[in-house]
Structure formats: structure tokens, C-alpha cells
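Only one structure is covered here, and it is reproduced in the block below.
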Amino acid sequence: MAETRNRVDPGQPRPIHVDVLIVGAGISGIGSAYHLQQQCPGKSYAILEAKPTFGGTWETHKYPGVRSDSDLYTFGYRFKPWVGAPIASGAEILKYMGEVIEENEIGVHIHYGHRITACHWSSTTNRWTIEAVRASDGAAVTFTAGFLWMCQGYYDHEKPYIPDWPGLSNYEGQFIHAQLWDPAIDYAGKRILVIGSGATAATIVPAFAEKAAHVTMLQRSPTYFYCSENRNELADRLREVGIDEPTVHRVVRAQIMHDQDLMTRRCQSEPDAVFEDLKALIRAYSGDPDFVFEPHFTPKYRPWQQRLAFCPDGDIFKAATQGKLTVVTDMIDHFTATGVRTAGGEAIEADIIVAATGFNLSVMGGIPFDIDGAPVDWAQTITYRGMMMTGVPNLTWVMGYFRASWTLRVDMMGDFVCNLLNHMDDIGAKRVEVALRPEDEGMQILPWIEEDNFNPGYLMRGLDAMPRRGDKPEWRHNQDYWAEKDAFPRIDLRGAEFVYDGERPALSARTGTEIAA
Ligand SMILES: Cc1cc2nc3c(=O)[nH]c(=O)nc-3n(C[C@H](O)[C@H](O)[C@H](O)COP(=O)(O)OP(=O)(O)OC[C@H]3O[C@@H](n4cnc5c(N)ncnc54)[C@H](O)[C@@H]3O)c2cc1C
């Protein structure tokens, strides 16, 4: 258990000051708090969370069947063994997070129902002032912090992405976005239309199919699916022979990451062969050796350019072969009173329409930031390894992996941020920021991510608002866990890219050759 440190007393006069303020009590914020407690035991901290409880993504999404599509051996933290089946329900993930909070006494640091509305940096005090609104009474409350650890995720939890469909208001049935699904909705015996084909649709469709009269999945374009049993043979075997859970966790994590790495490389080197393997699994799990892939299950992009949708026990394909699911690949032309009409002229009737159309990207939770009164435009900054941004002092942003489990990066960033904080203490620095080095002069400045590497809709729609990257490993979030796991521990905090208590570096953050996004 972590030793006692300066706890924030909610009764003390405002503003409350902490060494570190963590934004968000999702899986990133809770993991970051754990690392801070363990690795910087002398630091006081608080977590501000807009919602009334922890969980973030896993609290927001309440649609039928909500579950991870990563295995929990890698989506779980490195420090807390996962003891269940690899793919977990939202409820199981919340339970796991709740245990982490309780076992490490993190709860006393969390201020629920506190939505941050602005963050101001002062170079005079070397502190952030954080303004928040308290949900319980609407009061404006102020915190100050030496360091901001941004764990607010990457999308707007309140406003999901709904395309501007013609005639939506004419629809007389029940229309809802999956992100806003209310568990009280009774869908038994109803005709349901799910619009979308990504990971959310892959989860929700088989769950609906169990009780609905019929489910139609209308997709603009097909997705790759990976069918597998929801069990890990190695974990089962290790448990059978009496291996302790921490060891099972460590070994199975290593196995899964190794296999995923192989898969990622194969997706790039032999995408066609990978697709044939995925098809063989679908045939096996659906029970239909003649399963027809054209046109609904033959994507236009390479496997892994977007997340591979996991399909436990081939559930979505079983629903299709049992006649409970119809897939339509077409564009929506317009909504009618009873459903939608596609561009191809097909009329789809539905009692409930569920949009599984994704997110609105939210950079830094949409919170306005300023530095000594000058507003921060994130698109004018350059990212240091997807963690810090040029010209923005004492702030890190936890952005996980899209292709590997998000949380792998939460743990690694925990080490990085704690090393940085401890290093600042060692050298007596109150302020750190990243800045381009002389050798970065002339570096190409590019959009946050390469479109041909990873291109989900929400990222592409919001790319203009994201920080930029350079073409060197230090200045990009490369989405490669295997490269970063070796690179991160070797980061030299005395490197020229870190400026401590310094004058603004001579080389401006905007130095570089601007190229069109
Ligand atoms: C349905 C779904 C399934 C997913 N499955 C997987 C998976 O299997 N594997 C995987 O790796 N990734 C998955 N992801 C991606 C997932 O979002 C991340 O893995 C991870 O949960 C993000 O955690 P987070 O803590 O960084 O952010 P979030 O979960 O988004 O939590 C951020 C928290 O910050 C709070 N917050 C935001 N702004 C403010 C503010 N202004 N003031 C105060 N609080 C604020 C929010 O209320 C929220 O609680 C999935 C995403 C979705 C939507």
C-alpha cells in the first residue's frame, strides 16, 4: 500500500494547491495516480473528474454487450493482475478499476463532479490555476497545481458524432447514438437498425440479436473481424499447474504482446495472407464453410489501418448465419418516417435506430488553456513523443495506443512523468517544457498522425485541431509499443529538448518546414 502523503482536505479554504493535478478518473487517470503514489510518494495530488464516478469510457458507454475489444491482460495495468477471461464487459472493467482505487486509497484524492472549465499558466508563480464547476451546487472552484497530468481522454463524452443525415427529424421511431444508450430502453421484439460497422457495432449487433425481432447493420464500408474464443489457453494452463496470478499476468501479457506484434508486422508485410486467415476463422466460427464475404466483409483498407474488430466466438457471424442479422453496405440517402432509404434505393424499416458512428475528437477535453494570458492553440504546438507539447510548461497528456492496448502507454508514461518530476526535484527546477533543438532546424512539421498508418474517422475529422509532429521519433507519437518500450526508459531528461526554468529557447516551436495537412 502506498504511504500517506499530503492529502487534499476538501474543507480547506479555496484555492486548493497540489503538486500534481490529474484530469480525469478514467483508466488513464487512475493508473497515473497509482504511479505517482508509488514513484513520487512525497507529491500531493488531486484528481478532478467531471462525472459523479470513475471509469471514463467504461462509465459513459452503457449499450447492450459493452465490452473491451482488447484483452485485459494488456488493457489491465501491469501492476494489477487480471484474473478473468481476456475480453471483459464494461462492468468487469469498472470493478477492476474500483479495486485499484480501493487497494491503493486513491479515492480520497478524487473530486467527482468537478468539470474543469479553464487552465491558466503563470510564469510568475510557475503554477497552473485550474477553474472548475462543482456539479453538486454549481459553484466555481479553483485549484492550483505545479504540474498538470492530462488524462481526459480523446473524445467528447457528451456529444457523440452524428453525421448530418437528411431527414433525420422525420424519423418517428426511436433514434439514439450508442454512446448515449440508456439501459432502460426495451428493445425486445423490436426491429433494430444499427448504423456503423466498427468495434461498437461489432459489440452491439450480436447483443441486440439475442432479443430483438431482427437487426440490420447498415455500413458505409466493411470492417475486418478477428474471431476467437474468449479464453487464453496459456493462462488456463498456467493456472491449472498452480502458477500464481502475478506470474500468470506477466507471462500472458508477454505472450499476447509478442503475438500482436507478429500480427501487426504480418498485416503490413502480407495483408492478403492475413485476410485469408481471418476469413478461415469466420468460416469456422460461423459454421458456414461457404460464408460469402463479398460485398459486406471485404474492407477497402489494409488490416490494422483501423482497429481490427474483435469477435468473441464469432458471435456476429453466428447471428448472420442464423438469419437474425442482415448486413447492408450502402450510403444513407435520407431518413423516412419509418427508417432509412439508402442511396441504392433500399428501404430499411426499424423501430429503433442506433447510430454507432463514432466520436467527436476532443483535444485536451475542449478546455481553454492560456499561458500568461495568451491562449494556447494546440495546433500550433509540436508534440514530444505524443506526451508533451512545445511551449506548454509542466503538462503531459496521456494518449494511449490505438492498435495495442491503450493502458500499456499509461504505465509507461507513468514512469516517464514520475522520472521527470523527480528529476525536476533533483535539480531544483520549477518549470519544464519541451522545445525543438538546434538539430531539429528545418524538420518537416506534419499532421499528428500519418493518414496511411492509422486513419479512423474521428481522428481524421479532428486532425486540424491536434498538435503537430515532426519527422523524428522524439517529435511524434509513433503508435508502436515495441519501439517505445525500449525507447522510453532511455529518455535522457538532460537532453536538449527539455528546457528547465529556462528562457524561451532561441529556436521557436514553429521553426521547421510547414507542409499542408
Ligand atoms: C466503447 C469503447 C471501447 C473501447 N475499447 C477499448 C479496448 O478494448 N482497448 C483499448 O485499448 N481501448 C479501447 N477503447 C479506447 C478507450 O477510450 C481507451 O482505451 C481508454 O479507456 C481511455 O481512457 P482515458 O482514461 O484516457 O479516457 P476516458 O475513458 O475518456 O476518461 C476521461 C475522463 O476524463 C474526464 N474529463 C474529461 N474532460 C474533463 C474536464 N474538463 N473536467 C473534468 N473531467 C474531465 C471524463 O469525464 C472521463 O471520465 C475503447 C473506447 C470505447 C469508446
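The values are calculated or read from the model by the stated rules, or taken from the named source; none is laboratory data. Source: prediction; values computed, not measured. No Cβ is skipped: glycine too gets one built from the backbone with ideal geometry, and neighbour counts run over all protein chains shown.
At a glance:
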quantity	calculated
Candidates GLY314, GLY287, filtered to the one that is away from the ligand (no atom under 16 Å from the Cβ), crowded, with 20+ Cβ neighbours inside 10 Å, at positive phi and not aliphatic (A, V, I, L, M)	GLY314
Residue selected from region 163-199 under the condition within 16 Å of the ligand (Cβ to nearest atom) and among the small types (Gly, Ala, Ser), by the criterion nearest to GLY314 (Cα to Cα)	ALA199
Some residue of region 398-413 being more than 16 Å from the ligand (Cβ to nearest atom) and under 30 Å from ALA118 (Cβ atoms)	no
Hits in region 119-150 (condition: under 19 Å from GLY29 (Cβ atoms), aliphatic (A, V, I, L, M) and surrounded by fewer than 17 Cβ atoms within 10 Å (Cβ to Cβ))	VAL133, ALA135
Filtered residues of region 132-171 (kept if farther than 23 Å from THR57 by Cα and touching a Phe, Trp or Tyr at 6+ places or on another chain (Cβ under 9 Å))	PHE143, THR144, ALA145, GLY146, PHE147, TRP165, PRO166, GLY167, LEU168, SER169, ASN170, TYR171
Test: PHE79 is in a loop (DSSP other than H, G, I, E, B), crowded, with 22+ Cβ neighbours inside 10 Å and of a type outside the set (A, V, I, L, M)	no
Count - residues of region 149-169 that are of a type in the set (Asp, Glu) and touching a His at 6+ places or on another chain (Cβ under 8 Å)	0
Candidate set: region 212-232, residues that are among the aliphatic types (A, V, I, L, M) and outside any loop (DSSP other than H, G, I, E, B); chosen: the one nearest to the ligand (Cβ to nearest atom)	MET217
Residue identified as more than 12 Å from the ligand (Cβ to nearest atom), assigned to a loop (DSSP other than H, G, I, E, B) and aliphatic (A, V, I, L, M) among ALA85, ALA50, ALA91	ALA85
Selection count, region 266-278, where residues are crowded, with 16+ Cβ neighbours inside 10 Å and either of a type in the set (D, E, K, R) or touching a helix residue (DSSP H, G or I) at 6+ places or on another chain (Cβ under 7 Å) (or both)	2
Scan of region 69-82 for residues that are more than 10 Å from the ligand (Cβ to nearest atom) and among the hydrophobic types (A, V, I, L, M, F, W, C), ordered by number	PHE79, TRP82
Boolean, GLU131 is in a strand (DSSP E or B) and within 14 Å of the ligand (Cβ to nearest atom)	yes
Search result, residues across region 138-162 that are more than 9 Å from the ligand (Cβ to nearest atom), among the hydrophobic types (A, V, I, L, M, F, W, C) and not in a strand (DSSP E or B)	ALA139, ILE162
All positions within region 53-68 that are more than 10 Å from the ligand (Cβ to nearest atom) and in contact with a Ser or Thr (Cβ under 8 Å, 6 or more places away or on another chain)	GLY65
Close pairs from region 148-172: first in contact (Cβ under 8 Å) with a residue 60 or more places away in the chain and among the acidic types (Asp, Glu), partner in a helix (DSSP H, G or I) and within 9 Å of the ligand (Cβ to nearest atom), Cβ under 7 Å, at least 6 apart	ASP156/GLY366
Every residue from region 301-321 that is at pLDDT below 90, in a loop (DSSP other than H, G, I, E, B) and in contact with a strand residue (DSSP E or B) (Cβ under 6 Å, 6 or more places away or on another chain)	LEU308
Every residue from region 82-99 that is among the aliphatic types (A, V, I, L, M) and surrounded by 20 or more Cβ atoms within 10 Å (Cβ to Cβ)	ILE87, ALA88, ILE93, MET97
Criterion (over 22 Å from the mean Cα position of the chain (by Cα) and outside any helix (DSSP H, G or I)) met by exactly one of ALA188, ALA209, ALA235	ALA188
Test: residue in region 459-477 that is part of a loop (DSSP other than H, G, I, E, B) and modelled with pLDDT under 85	no
Of residues in region 363-382 being assigned to a strand (DSSP E or B) and within 16 Å of the ligand (Cβ to nearest atom), the one surrounded by the fewest Cβ atoms within 10 Å (Cβ to Cβ)	ASP370
Residue check, ALA33 under 25 Å from ARG134 (Cα atoms), more than 10 Å from the ligand (Cβ to nearest atom), among the hydrophobic types (A, V, I, L, M, F, W, C) and not in a loop (DSSP other than H, G, I, E, B)	yes
Residues satisfying the stated conditions in region 229-245, i.e. surrounded by 13 or more Cβ atoms within 10 Å (Cβ to Cβ) and of a type in the set (A, V, I, L, M, F, W, C)	LEU234, ALA235, LEU238, ILE243
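The rows are residues; the columns are (1) surrounded by 20 or more Cβ atoms within 10 Å (Cβ to Cβ); (2) at pLDDT 85 or above; (3) assigned to a helix (DSSP H, G or I); (4) within 16 Å of the ligand (Cβ to nearest atom).
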| site | (1), (2), (3), (4) |
| --- | --- |
| THR396 | yes, yes, no, yes |
| ASP415 | no, yes, yes, no |
| ASP425 | no, yes, yes, no |
| GLU433 | yes, yes, no, no |
| GLU451 | no, no, no, no |
| LEU493 | no, yes, no, no |
| ALA506 | no, no, no, no |
